[in-house]
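The values are calculated or read from the model by the stated rules, or taken from the named source; none is laboratory data. The model shown is predicted, which means the values in this text are computed figures rather than measured ones. For neighbour counting, all protein chains shown are included, and Cβ atoms are generated from backbone atoms with ideal geometry for every residue, glycine included.
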Amino acid sequence: MTAGRRADARKPSPAETAARRMLDLLAADAPAQELAALPARSRAAGAAPEDVERIEETTEVALSVRRVLDQYRRRETELVALFDTAGDLAGLRDLDAVLRAIVRRARTLLGSDVAYLTLNDPVAQDTFMRVTEGSVSAAFQQLRLGMGEGLGGLVAQTARPYASTDYRTDRRYRHTGTIDDGVAEEGLRGILGVPLRLGEEIIGVLFAADRTPREFTPDAIALLGSLADHAAVAIDSTRRMEETRTALARLEAANATARAHGEALHQASDAHDRLSKLVLRGAGTDEVAAEIAALLGGGVAVHDTDGSELARVGTAPVSPTTVTLDASHSEGRAVHAHGVWTCAVLAGAEPLGRIVLTGRADLPEADRRLLERAALVTAMLLLIRRSVAETEDRVRGELLDELLADPATSTHWDGGSLTLRARRLGLDLARPHAIAVLDTEPALRPRLAAEAARVVRGLGGLAGTRHGHSVLLAPCDRPGALARELAADLTRALGAPVTVGAAGPGHGPEHLAALHGEALRCVTALHALDHTGEGADIADLGFVGVLLGDRADVGAYVERVLGPVMAYDSERGTELLRTLHAYYDQGASLSRAKDALHVHVNTVVQRLDRVAQLLGPDWNTPASALEIHLALRLHHLARATRRR
């Protein structure tokens, strides 16, 4: 037993001891240098040659195991780094942050002095520097590489990785002055570039570079390629997310626009309903203008086609320019000029008037549409008013036709019935009335009729058309003044001469036919006397009126022509009238007149100077002299008749 135990407990050989020591060192992760030192130590300790040989073989195996372990450990470190990189990239949402993280991690993993990334530009057909890490040269940071130029341009063109131990002396690549200057300024020597690949598409190049010559191992190339693959996916994901965010932002903007548009439509529809209800309720332009002003928060004026103001709320009188109104008419929209918004009121292409908005220099699209809707409602109001006015004008015109019919020849003429019908329309025929006949060039007569109807509504009378002329019946006791006002106003409105002959005043329906005839003769006489475009009554025509008038009032004519002279003689006992008789009877000769009067010639001159003061300086013009001479004759005839 004792001998057996001694055999089992024999002392291990130096080779066995060295092998056990080798395993312990491997387990303790000892450096390779310590493993390689074991054969020398065994030899120094006096180990037998065969034991030293076995120890050397064991050492070689241990070193091989150590290299494999180091490779696995390095690969594990790289995989962990790639995993961490993928996690970091996945958490990033900003493209710039993604690109910076990529080059920073590339520089760290490869232990390089500089890392950088270029992206391809499909439009310019080159690749440009996008992000750098560790770079100090501004020229290098702004490089653009044409496809196939330099190491990076070749990677971008061929989609294959390329490495250069010393780029400055490496003639495998197509050098350019710009690239070489940038690389030299940065001081780069060893450069490695790998493609950023998305499927078949190359989107850029990822680089690692040192400022000293460097031999890039296949492991380093594979590591940078793996990082580039992760980076390409991260770049694509980030781009897609940015596109998604952009699309979402656009969608949100579109939704906001749609909501605003919907709110504007609702507001416009509500405003349209409110305005329409006003119109259908019978509201006038004043109420509609007030509602528009409240809706838009400004001053509003509504004008007719001729520019006359129909309503005004919250603003001073305002009138847009013709250019602005024409622009609104042609575009069918509200137009802004000089702080005033103008919107034409149209029925189809027919202008009915305009709306003017003040106090709103800036008008959003919704409010602009609201103003345009208000113009549509105003058009409806003006059309209704016009329809009512046309109906009323037709009724009034029919009544005027019957009033102007000659009672002596009309079998159905009834003065009482006509008076009653006139009263229902607001006319009291017992009051003084005048008849006016209006004439203009034939092409403008329809417009004249419309203008006459508009004017007569303000006068409270009747208007119609008779024998091709517009005729007015209006309450008035001064027909001459009425004729002159009508001629002036309507000439301005039409832009062409309007001639007006008037007659009156008359009371009751039975005299109106005669007044119409007299007014018609008056307008004819105005044309004949070359007074087209003027207004007058029979009395204004002087002796012509006496000849034309059915109711020739000689006394009134004499009074109008000679009244001041007769009054002067009556008050002072002078003989101015007798002097005028003698002067005209003697052929306007001063010497013969003084003989006929038996006075000195100076007396005749003084009396005629007084006449000039009373009748005006043009008393002795041919036209005035004719009037005065005729009035003297009629005065003398009237006195002779009274004496008989």
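Kindly indicate whether Ala231 is part of a helix (DSSP H, G or I), closer than 30 Å to Gly111 by Cβ and at pLDDT below 80. Spelling it out, Ala231 is indeed part of a helix (DSSP H, G or I), closer than 30 Å to Gly111 by Cβ and at pLDDT below 80.
If I filter region 316-345 down to residues being of a type in the set (Ser, Thr, Tyr) and under 14 Å from the mean Cα position of the chain (by Cα), which single residue comes out as surrounded by the fewest Cβ atoms within 10 Å (Cβ to Cβ)? If you could, list the steps in order and put the result at the bottom.
Start the filter on region 316-345 by keeping residues that are of a type in the set (Ser, Thr, Tyr), which leaves 319, 321-322, 324, 328, 330, 342.
Still in the running and under 14 Å from the mean Cα position of the chain (by Cα): 324, 328, 342.
Numbers: Thr324: 20, Ser328: 26, Thr342: 27.
Ranking the qualifying residues of region 316-345, first place goes to Thr324.
Within region 371-378, not a single residue is assigned to a helix (DSSP H, G or I), over 25 Å from Ala344 (Cβ atoms) and modelled with pLDDT of 80 or more. In summary, Ala254 fulfils each of the numbered conditions (1) exposed (fewer than 13 other Cβ atoms within 10 Å of the Cβ); (2) at pLDDT below 75 with the single exception of condition (2).
Filtering Thr246, Thr257, Thr238 for residues that are under 43 Å from the mean Cα position of the chain (by Cα) and under 30 Å from Ala374 (Cβ atoms) leaves a single hit, Thr257. Here region 162-191 is the region considered, the condition is being under 15 Å from Ser135 (Cβ atoms) and hydrophobic (A, V, I, L, M, F, W, C), and the residue that is surrounded by the most Cβ atoms within 10 Å (Cβ to Cβ) is Ile191. Filtered by the rule that a residue be in contact (Cβ under 8 Å) with a residue 40 or more places away in the chain and out of contact with any Pro (no Cβ under 8 Å at 6 or more places or on another chain), region 342-362 gives Pro351, Leu352, Gly353, Ile355, Leu357, Thr358, Gly359, Arg360. If I ask for residues that are over 18 Å from His433 (Cβ atoms) and surrounded by fewer than 18 Cβ atoms within 10 Å (Cβ to Cβ), which ones from region 495-525 would you list? Of everything in region 495-525, those that are over 18 Å from His433 (Cβ atoms) and surrounded by fewer than 18 Cβ atoms within 10 Å (Cβ to Cβ) turn out to be Gly495, Ala496, Pro497, Thr524. Within region 121-161, the set of residues being over 22 Å from Ala231 (Cβ atoms) and crowded, with 16+ Cβ neighbours inside 10 Å comprises Ser137, Gly146, Glu149. Within region 593-644, if we keep just the residues that are assigned to a helix (DSSP H, G or I), over 16 Å from Gly563 (Cα atoms) and of a type in the set (Ser, Thr, Tyr), the residue that is modelled with the highest pLDDT turns out to be Thr603.
Starting from region 167-182, take each residue that is among the basic types (Lys, Arg) and list its partners that are part of a loop (DSSP other than H, G, I, E, B), counting only C-beta distances under 7 angstrom and pairs at least six apart or across chains. Between residues of region 167-182 that are among the basic types (Lys, Arg) and residues that are part of a loop (DSSP other than H, G, I, E, B), the close pairs are Arg168/Arg189; Arg174/Gly148; Arg174/Glu149. Per the conditions (1) closer than 20 Å to Thr305 by Cα; (2) in contact with a Gly (Cβ under 9 Å, 6 or more places away or on another chain), the sole criterion not satisfied by Asp401 is (1).
Which of the residues that make up region 122-152 are over 13 Å from Ile203 (Cα atoms), touching a Ser or Thr at 6+ places or on another chain (Cβ under 8 Å) and of a type in the set (A, V, I, L, M, F, W, C)? Listed by number, the residues that qualify are Phe140, Leu143, Leu145, Leu151. Per the conditions (1) modelled with pLDDT under 85; (2) within 30 Å of Val183 (Cβ to Cβ), the sole criterion not satisfied by Ala289 is (2). Under the condition of being in a helix (DSSP H, G or I) and among the acidic types (Asp, Glu), which residue from region 506-542 is modelled with the highest pLDDT? Residue satisfying both the conditions and the ranking: Glu510. Of everything listed in (1) assigned to a strand (DSSP E or B); (2) within 15 Å of Leu99 (Cβ to Cβ), the single unmet condition for Leu192 is (2).
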